[in-house]
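Presented below is the structure to which this report refers.
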Amino acid sequence: MFAPLLSSHCKDSAQRSHYCHGSQVAVVRHLRHRSTRRSVLVACTHISANWKNPDTQLAQVVVLTEKLREQQHRIGAREKLLPSIVLCGDFNSKPDSGTYQFLSTG
């Protein structure tokens, strides 16, 4: 769930009450090709549908991508090759949103 992850990034209770609600989730799985041994991190998520507070959606995606990169680098250090990342999900975002811009351009 995102609430505990977001909570660790919040500075005070006001931020926690704004960002850390709902039941948004992400499922992440590390997969490895049997013959080539190359690996990939596959994540599927559901982001908040709170369009009145688009910063909540963006915060969730930022935290998720940070955690995916941390896992990617842990696996890469062990396997000497960074796995690719495939991120799927319901982002509840439009092409003009900050969430879409962040995911498409960084």
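The values are calculated or read from the model by the stated rules, or taken from the named source; none is laboratory data. No experiment lies behind these values; they were computed from the predicted model shown. All Cβ positions, even for glycine, are placed from backbone atoms using ideal geometry, and neighbour counts span all protein chains on display. Note: accessible area is taken over every heavy atom of the protein model, side chains too, but ligands, DNA and RNA are not part of it. Shrake-Rupley method; radii C 1.70, N 1.55, O 1.52, S 1.80 Å.
The residues of region 23-36 that are open to solvent by 100 Å² or more (accessible area, probe 1.4 Å) and in a loop (DSSP other than H, G, I, E, B) amount to a single one, Arg34. Each residue in region 61-88 was checked for being surrounded by fewer than 17 Cβ atoms within 10 Å (Cβ to Cβ) and not in a helix (DSSP H, G or I), and 7 of them qualify. Scanning region 37-60 for residues that are modelled with pLDDT of 90 or more and either of a type in the set (S, T, N, Q) or in a helix (DSSP H, G or I) (or both) yields a total of 2. Taking Ser8, is it outside any strand (DSSP E or B), surrounded by 15 or more Cβ atoms within 10 Å (Cβ to Cβ) and either modelled with pLDDT of 65 or more or among the hydrophobic types (A, V, I, L, M, F, W, C) (or both)? For Ser8, the condition - outside any strand (DSSP E or B), surrounded by 15 or more Cβ atoms within 10 Å (Cβ to Cβ) and either modelled with pLDDT of 65 or more or among the hydrophobic types (A, V, I, L, M, F, W, C) (or both) - is not met.
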